[in-house]
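Everything on this sheet refers to the single structure shown next.
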Amino acid sequence: MIDHLTQPDSQILIKANKVNKIFPNGCHALKDVSLDIQRGEVVVIIGPSGSGKSTFLRTLNQLESISSGNILLDQVDLTDKRTDINAVRTEVGMVFQSFNLFPHKTALGNVMLAPMKVLNQSKEEAKQGARDLLYRVGLADRMNNYPSRLSGGQQQRVAIARSLAMKPKALLFDEPTSALDPEMVGEVLDVMKELAREGMTMVVVTHEMGFAREVADRVVFMEEGELVLEETPERFFHSEHPRLQRFLGQVL
Ligand code: ADP
Ligand code: MG
């Protein structure tokens, strides 16, 4: 009780408050977007192409600056000039549609790199951590493979392990299965489901409605830069909101 009184927002890990993003070309990509993400929560964001989903994710780890509003990570204001943006980027990991592995490094080498360079881990420590993570994502037998010798699904699992190696407070996923052949989507979603079960805070942009129904604590619908709707999966997929209906009618 006392804890709650002194730390009113302690359950909220990420708090976006009336975030606006206007690009230099005048494109108003985010319009007063507000969203609270609790610790351990899985939030899935869906919406048409160009609705601002990627831009919003990118603002959450400050890959993109914002024009107005604010974003708090663990009660630290990311828009405050005094905030160390590089520290924020290590605390909020990001997994992209294109896996962006270093082609000249093995799976193990890819996962070891940032812990050594950014967290100053020793080579042995980084290697042990990378082995454990690759084991966790089901790639114990592929550790010494170069990316070119891995399937798309395997590469994306290495990318997830690489993000986890930084021990992030939250992980953001931007359409992590969109570039994969259909038969590889499941293995990546399974790893993400396991992370969710283990309590990782995750924000996931995806078109995988099955994943949203099964794994999300909340589903968010964005359109034209606005956060239109935010509901539990049961309520979301029964919602009669006309803008959502129109979108679901197109994709399902
Ligand atoms: P989504 O991920 O939902 O497809 P985006 O966040 O990529 O949408 O884009 C939202 C809007 O912002 C689009 O209209 C897009 O053209 C625009 N946009 C994205 N990045 C830039 C940029 N760097 N400069 C100008 N406009 C951009
Ligand atoms: Mg996008």
With Cα atoms, 0 to 90° folded angle of helix 152-164 axis to the chain main axis: 80 degrees
For segment 201-252 and segment 132-155, distance of Cα centres in Å: 31 Å
Unsatisfied cross-links (Cα-Cα over 25 Å) in the set K18/K169; K117/K169; K15/K127; K15/K117; K21/K81; K53/K123: K15/K127; K15/K117; K53/K123
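Using alpha-carbon pairs under 8 Å, 6+ residues apart, how would you state the relative contact order of segment 6-58 in percent?
With pairs under 8 Å counted, the relative contact order is 31 percent.
Taking 0.36 nm per residue of separation and subtracting the Cα-Cα distance, what length does fully extending Q11 through R243 add?
Full-extension gain reported as 80.4 nm.
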Peptides 204-217, 149-162, 236-249 ordered by average Cβ neighbours within 10 Å, highest first: 149-162, 204-217, 236-249
Estimated [θ] at 222 nm from DSSP helical runs (n ≥ 4, -39500 (n - 2.57)) normalised by residues in the chain, nearest 500: -11000 deg cm²/dmol
With every protein chain in place, the chain: carbon and sulfur % of accessible area (1.4 Å): 48 percent
Whole-number D in µm²/s for segment 12-249 (Stokes-Einstein; Kirkwood sum over Cα pairs; 20 °C, 1.002 mPa s): 116 µm²/s
Cα-projected label distance for N120 with N86, points at 7 Å along beta-carbon direction, nm: 1.2 nm
Farthest toward positive dipole pole in the chain [+1 Lys/Arg, -1 Asp/Glu at C-beta], among H28, M116, F211: M116
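What percent antiparallel are the DSSP beta bridges of segment 12-249, to the nearest 5?
Taking every DSSP beta bridge with both residues in segment 12-249, the antiparallel ones total about 55 percent.
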Acute angle (nearest 10 degrees) that the helix 182-197 long axis makes with the longest principal axis of the chain, alpha-carbon atoms: 80 degrees
Distance between modelled label sites at S67 and H28, nm, 7 Å Cα→Cβ extension: 0.7 nm
Cα-based helix-to-principal-axis angle, 123-136 vs the chain, degrees rounded to 10: 60 degrees
Surface accessible to a 1.4 Å probe, per residue, for the residues of segment 12-249, Å²: 46 Å²
Packing-based ranking, highest mean first, of 168-175, 129-136, 23-30 given that Cβ atoms within 10 Å are counted: 168-175, 129-136, 23-30
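The values are calculated or read from the model by the stated rules, or taken from the named source; none is laboratory data. The structure presented is a predicted model; accordingly, all values stated were derived computationally and were not measured. Cβ atoms come from the backbone with ideal geometry, glycine included; neighbour counts cover every protein chain shown. For the accessible areas, the whole protein counts, side chains as well, though only heavy atoms, and no ligand, DNA or RNA atoms are used. Shrake-Rupley method; radii C 1.70, N 1.55, O 1.52, S 1.80 Å.
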